Amino acid sequence: MLTFVGEGYTPAFTENYIAIARRLSSGEEIQLVDGPDDICAPLLSGAAAHCHNESVVARDEAAAEAVGRLLGVKVGKGTRIRPDAALLKRLRRNFALGTIRKACGECEWSELCGHVAERAFTDVLVAPG
Ligand code: SF4
């Protein structure tokens with residue numbers, strides 16, 4: 001959500017995520033789930049599906065723990081988050097500082113996400129107006 005700039009695994013994944021990014025940018029509330037979510041949906045029937053891999057489950061847990069620690073709340077299945085400008089500003093600042101990037105270790109997108117943060121998130125598609 002913090003670093004999506006229109007890049008992704010497949011054209012269907014990217015198209016779906018762009019539509020979700022519009023909804024998130026308008027402040028639509030997010031409900032966290034265990035496992036694959038609406039963003040992952042286009043991958044589930046294809047060869048690129050990796051959503052149930054152990055590494056992905058561990059990455060989700062690490063991200064939830066890091067964000068929960070920052071916000072001072074328990075983050076997990078069922079947590080509701082409204083991605084408003086104040087929250088995104090706080091998350092972006094901490095992502096750029098590296099304090100909520102525990103989940104990024106060994107992620108194939110880590111270099112891209114690092115560049116997005118270095119460019120001050122200027123090209124991201126989840127951006128409240
Ligand atoms: S590096 Fe991977 S885990 Fe970290 S924000 Fe980017 S896509 Fe998510």
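The values are calculated or read from the model by the stated rules, or taken from the named source; none is laboratory data. What you are looking at is a predicted structure, and each value in this text was computed from that prediction instead of being measured. We place every Cβ from the backbone using ideal geometry, glycine too, and count neighbours over all the protein chains shown. With ligands, DNA and RNA removed, areas are computed over all heavy atoms of the protein, side chains included. Shrake-Rupley method; radii C 1.70, N 1.55, O 1.52, S 1.80 Å.
Identify all residues within segment 42-56 that are open to solvent by 70 Å² or more (accessible area, probe 1.4 Å) and either of a type in the set (A, V, I, L, M) or more than 16 Å from the ligand (Cβ to nearest atom) (or both); write none if there are none. Don't jump to the end; show me each part of the working.
Residues of segment 42-56 open to solvent by 70 Å² or more (accessible area, probe 1.4 Å): 44-45, 47, 52-54.
Hits for segment 42-56 are Leu44, Ser45, Ala47, His52.
Could you list, in sequence order, all residues of segment 72-129 that are open to solvent by 80 Å² or more (accessible area, probe 1.4 Å), free of Cβ contacts under 8 Å to residues at least 24 places away in the same chain and touching a helix residue (DSSP H, G or I) at 6+ places or on another chain (Cβ under 7 Å)?
Lys74
If I filter segment 30-39 for residues that are over 14 Å from the mean Cα position of the chain (by Cα) and open to solvent by less than 50 Å² (accessible area, probe 1.4 Å), do I get at least one hit?
There is no residue in segment 30-39 that is over 14 Å from the mean Cα position of the chain (by Cα) and open to solvent by less than 50 Å² (accessible area, probe 1.4 Å).
Among the residues of segment 60-81, is any assigned to a loop (DSSP other than H, G, I, E, B), more than 17 Å from Glu29 (Cα to Cα) and within 13 Å of the ligand (Cβ to nearest atom)?
no
Which of (1) more than 16 Å from the ligand (Cβ to nearest atom); (2) small (Gly, Ala, Ser); (3) within 18 Å of Thr3 (Cβ to Cβ) does Gly98 not meet, given it meets every other one?
Checking Gly98 against (1) more than 16 Å from the ligand (Cβ to nearest atom); (2) small (Gly, Ala, Ser); (3) within 18 Å of Thr3 (Cβ to Cβ), the one that fails is (1).
Those residues that are part of a helix (DSSP H, G or I), under 14 Å from the mean Cα position of the chain (by Cα) and of a type in the set (Lys, Arg), I need them from segment 93-129; list them, please.
Across segment 93-129, the qualifying residue is only Lys102.
Does Gly35 satisfy the condition of being within 22 Å of Gly129 (Cα to Cα), away from the ligand (no atom under 15 Å from the Cβ) and at pLDDT below 95?
Details: within 22 Å of Gly129 (Cα to Cα): no; away from the ligand (no atom under 15 Å from the Cβ): yes; at pLDDT below 95: yes.
When the stated conditions are applied, Gly35 does not pass them.
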